[in-house]
Amino acid sequence: MKYQVFALKWRPQTFDQIIGQEHIATVLKNSILRNRVAHAYLFAGPRGVGKTSTARILAKSLNCERGSTVEPCQRCTSCQEITQSRSFDVIEIDGASNRGIDEIRTLREGVKFSPILGHFKIYIIDEVHMLTTEAFNALLKTLEEPPPNVLFIFATTQADKVPATILSRCQRFDFARIATEQIVRQLRKIASQEKIDVNDEALFTIARQSTGSLRDAESILDQLISFTKANSQIKRGDIVSFLGCLEEETVFEITDKIIKGDVKAVLEMTDLLLKRGKNTKTILESLIEHFRNLIVAKVAAGSSLIDLSKEQIIRLVAQSKFFRIEDLFGAFNLLVDTQELSKRLNNSIIPLEISLLRLAIKNGNLPKADR
Ligand SMILES: Nc1ncnc2c1ncn2[C@@H]1O[C@H](COP(=O)(O)OP(=O)(O)O)[C@@H](O)[C@H]1O
Ligand SMILES: [Mg+2]
Ligand SMILES: [Zn+2]
C-alpha cells in the first residue's frame, strides 16, 4: 500500500472522531438533523486543529447518497469521492493562491449549475482572508443571494482580516487549540496502531512543542520514525535532538543557577548550549515559557494551566518560592524584551547573555562592593 503521512492517514472521517471541538460538532450535527444548515460558515482558528477535516465531514454528511445524515456511510460514491477530494460537488479552493477576482468570477459562474451527484454544491475556501478586496466584493454578491443547494465553508487562521460584510453573512465557529492531554492521547493511539515504541514523556514533549496543533504533533511523530533507529524506543532525548528544542531539565538548571546567583555557571551553560547547536531563539523561547510557568505556579499552583508532568510541576513550585512575584514579572519582561532585541540583532547571543547575567546578579548575594 502507498505510504501516507500520519496527518492524512489519521484525518477524522466522522464528527465523533474530531478531537477537542465538541461544541462545533454538536451544533453542526443538530443543524443537519433539524434541516437547518446555514448557507455559509466561517471556520476560524489556528492551523492543524480540524477546520478542513470538519468541512469535509459536513460536506459528506450533506451529500451522502443515503440522504442527509450525521453518520455518512463512507461507502457510496459521493462519500468516497469527498474522502479522496475528487468530488465534483465539493470544490476546494485555496484562497492564498487563488486570490483574485477571476477565480471568484469562475466560482460565481459555477454556483449556477446544480450539483452533479450530491444534494449540495459545496465550496470550501481555505485561508479566505487572503482574497483581494475585489474578490471579496464579488463573493459578497453571491452570499447576498445564495442560490439554493449551495453551501460555502470558509476557513481562516486570521478571522480578524475577513471583512465584516462577509462575517455578518456567515455562521462562525471558532476552533480551539487542542489541549496537550488530548494530543498525547491521540499520539498514543496512533503509536500503538502503527506499532511505534515511544514513551509517554516523549509524547508529552511532542505535544507541548506543537502548541495545540494536532497536525504538527502528528507530523513530528511521523518524521521521528525515520530519524530514530528501527526497533528502538523513541525517548524524549530523540525529540529534543530532532527538534533542537531544550530539555526541560536544562531550563530548570539555568534557573537554579540564577537563583544561586552563580553568574559564571549561567554564562557557561549558555555557551555550552550554543556549542551543542541550540540557537538563541530556542533558548529564549524555552526560558520565557519557563518563567511564565513559574508565575502561574506561584499564583495558581494547583491549576491545570501548566503542561508539565506532575514531578516537574512540584519542582516548578519549589523554584517559584525563591522569587518574589514582582521579580518573576520583571524577569519575564526582561526576557521578552531580550527576544525583541535579539531578533533585531539577527539572533545575536549577546542580549541573552547579558539578560541572564542581570537576572543572576539580581538574585545572587554578591558582596556589596561588587554590586
Ligand atoms: N480536531 C482534530 N481531531 C482529529 N484530528 C485532527 C484534528 N485537527 C487536526 N487533526 C489532524 O491534523 C490533520 C490536519 O487537520 P485539518 O483539518 O486539515 O486542520 P486545519 O484545516 O485546521 O489546518 C488531520 O488530517 C488530522 O490528522
Ligand atoms: Mg485546513
Ligand atoms: Zn455515503
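The values are calculated or read from the model by the stated rules, or taken from the named source; none is laboratory data. From a predicted model like this one, the values you see are computed outputs, not experimental measurements. Cβ coordinates were reconstructed from backbone atoms using ideal geometry, including for glycine residues, and neighbour counts include every protein chain displayed.
When restricted to residues that are over 20 Å from the mean Cα position of the chain (by Cα) and either among the acidic types (Asp, Glu) or assigned to a loop (DSSP other than H, G, I, E, B) (or both), the stretch 163-199 contains 9. Residues in the stretch 1-27 that are assigned to a helix (DSSP H, G or I) and charged (D, E, K, R) were compared, and the one that is farthest from the chain's Cα centre (by Cα) is Asp16.
Among the residues of the stretch 255-289, count how many are closer than 26 Å to Val184 by Cβ and in contact (Cβ under 8 Å) with a residue 40 or more places away in the chain. Reasoning before the result, please.
Looking only at the stretch 255-289, we keep the residues that are closer than 26 Å to Val184 by Cβ, and these are 255, 278, 281-289.
Now narrow it down to the ones that are in contact (Cβ under 8 Å) with a residue 40 or more places away in the chain: 255, 281, 283-288.
Result for the stretch 255-289: 8.
For Gln223, the conditions (1) surrounded by fewer than 16 Cβ atoms within 10 Å (Cβ to Cβ); (2) assigned by TED's automatic domain parsing to the domain that holds Glu340 are fulfilled apart from (2). Of the residues making up the stretch 149-178, those that are touching a Ser or Thr at 6+ places or on another chain (Cβ under 9 Å) and more than 16 Å from ligand 2 (Cβ to nearest atom) are Asn149, Val150, Pro163, Gln171. The set of residues from the stretch 43-79 being surrounded by fewer than 16 Cβ atoms within 10 Å (Cβ to Cβ), near ligand 3 (Cβ under 10 Å from one of its atoms) and either in contact (Cβ under 8 Å) with a residue 60 or more places away in the chain or within 17 Å of Ile124 (Cα to Cα) (or both) comprises just one member, Gln74. For the stretch 251-281, a tally of residues being surrounded by 16 or more Cβ atoms within 10 Å (Cβ to Cβ) and at pLDDT below 90 returns 2.
Scanning the stretch 33-87 for residues that are within 16 Å of ligand 1 (Cβ to nearest atom) and touching an Asp or Glu at 6+ places or on another chain (Cβ under 7 Å), which turns out farthest from Pro163 (Cα to Cα)? In this case the residue turns out to be Ser85.
Set side by side, the residues Asn35, Asn30 differ, and just one is part of a loop (DSSP other than H, G, I, E, B) and either within 15 Å of ligand 3 (Cβ to nearest atom) or closer than 24 Å to Arg172 by Cα (or both), which is Asn35. Checked against the criteria, Ala96 counts as of a type in the set (Gly, Ala, Ser), outside any strand (DSSP E or B) and within 16 Å of ligand 1 (Cβ to nearest atom). Highlighted here would be helices (runs of 4 or more DSSP H) found entirely within the stretch 247-340 that include at least 3 residues which are on the phi > 0 side of the Ramachandran plot and outside the structural domain of Lys362 (by TED's automatic domain parsing), but there are none.
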